[in-house]
2 protein chains.
Amino acid sequence: MQISSRFSVAVHVLSLLALQQPGDALLTSERMAGSVNTNPVVIRRILGQLKKAGLVEVRPASGGTFLTRSPRAISLLEVYRAVEVVAEGQLFSVHDQPNPACPVGRHIQAALNATLQRAQAALEQQLAGVLLAQVTTDIQAKAAASS
Amino acid sequence: MQISSRFSVAVHVLSLLALQQPGDALLTSERMAGSVNTNPVVIRRILGQLKKAGLVEVRPASGGTFLTRSPRAISLLEVYRAVEVVAEGQLFSVHDQPNPACPVGRHIQAALNATLQRAQAALEQQLAGVLLAQVTTDIQAKAAASS
DNA sequence: CTTTATTGTAACTGATGTTGTTACAATGCG
DNA sequence: CGCATTGTAACAACATCAGTTACAATAAAG
């Protein structure tokens, strides 16, 4: 099973917000949905999660949406956590009722746990090491190169 | 979304096979299902995948099931790949039709790709570094300690 | 050669999660 | 006030998962 695209959509939306300039038209959920190519409600749901995580400020009605911090202070791990694509520490699911009468059944969970936690932590560390600013810089570089 | 428990069940089953002794009663799907605490068909489906990956030999009818290699020569990454919990290189799903008329839409996929691949590779490397033999040794150690 | 236990596989179910959609009340700017 | 927009609920369509029933194919044992 794949990790939900909520994560990539969230990074997309945050990139739009990070690159927004003072003079620009306000970024509404409709506009953002146009860039992501989805329904505005999908964007609003994700914005709700980013807001709950304290990453964005959404001013109701026609107030616009803004980052609460510099893109240099937002890691992709924070975004990943914000959109709850995976419950904390639960990337792998483990069969939960093995037979305790069998030595393997009794100990498999504990024997596997350390490895699964390490694997998950390794993935999260990679996300922690990338900042939103790096993504937007990369986007701008690619945009400049292709023009 | 979580990674399917097929992976942990497969490691459980392979541990049973690794710890099986010559004199023991044959490990049928029914017996293994008893240890995992699930339905025998679930076990047979997973055995089918492990067989396809060349990790086990299943002799039809009442012939028993065996590892084709030493547990020291089977990494958890091979098991992970065998049960196809995640299509190769596709742990993260990315929204696939961003708007090319927007600079962010046009470049977000490429900008994210390297990071997502690295994160996934970090996870897989951890699995590659653990052998089935380590799991069974750990199980035996825990079983000895609790007796 | 027949009996018997077992595997391999198809088909179906119920539960859950995702993405997209419609609908509409609440909000706050002009 | 009027209006664009947000926040949220409700629902549909779809996919995957885990469990189950059913049964033909297989091969070992007598």
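The values are calculated or read from the model by the stated rules, or taken from the named source; none is laboratory data. The shown structure was predicted, so the numbers you read here are calculated from the model rather than taken from an experiment. Virtual Cβ from ideal backbone geometry, glycine too; neighbours counted across all protein chains shown.
Beta carbons closer than 9 Å, at least 6 apart along the sequence or on distinct chains, pair a first residue in the range B:118-142 that is within 8 Å of chain A (Cβ to nearest Cβ) with a second that is outside any helix (DSSP H, G or I) and of a type in the set (Ser, Thr, Tyr) for B:Leu127/B:Ser75; B:Val130/B:Ser75.
For the residues B:Leu16, B:Leu47, the requirement of being more than 14 Å from chain A (Cβ to nearest Cβ), buried (at least 16 other Cβ atoms within 10 Å of the Cβ) and without any contact (Cβ under 8 Å) to a residue 40 or more places away in the chain singles out B:Leu47. In the range B:1-85, counting only helices (runs of 4 or more DSSP H) that sit wholly within it, the ones holding 2 or more residues that are charged (D, E, K, R) span B:29-36, B:40-52, B:76-82. Filtering A:Pro98, A:Pro103 for residues that are facing chain B (nearest Cβ under 7 Å), more than 25 Å from A:Met1 (Cβ to Cβ) and modelled with pLDDT of 95 or more leaves a single hit, A:Pro103. All told, B:Leu26 meets the bar of being more than 8 Å from every other protein chain (Cβ to nearest Cβ) and within 13 Å of DNA strand C (Cβ to nearest atom).
Do we have B:Gly23 as at positive phi and surrounded by fewer than 19 Cβ atoms within 10 Å (Cβ to Cβ) here? No; evaluated as a whole, the condition is false for this residue.
Those residues that are touching a helix residue (DSSP H, G or I) at 6+ places or on another chain (Cβ under 9 Å) and of a type outside the set (A, V, I, L, M, F, W, C), I need them from the range B:37-50; list them, please. The answer is B:Asn37, B:Thr38, B:Asn39, B:Pro40, B:Arg44, B:Arg45, B:Gln49.
Would you point out the residue of the range A:1-27, among those that are more than 27 Å from A:Glu124 (Cα to Cα) and out of contact with any helix residue (DSSP H, G or I) (no Cβ under 8 Å at 6 or more places or on another chain), that is nearest to DNA strand D (Cβ to nearest atom)? Across the range A:1-27, the extreme among qualifying residues is A:Leu26. Restrict the check to the range A:60-69 and report whether at least one residue is away from DNA strand D (no atom under 14 Å from the Cβ) and more than 10 Å from every other protein chain (Cβ to nearest Cβ). Checked the range A:60-69: at least one residue is away from DNA strand D (no atom under 14 Å from the Cβ) and more than 10 Å from every other protein chain (Cβ to nearest Cβ).
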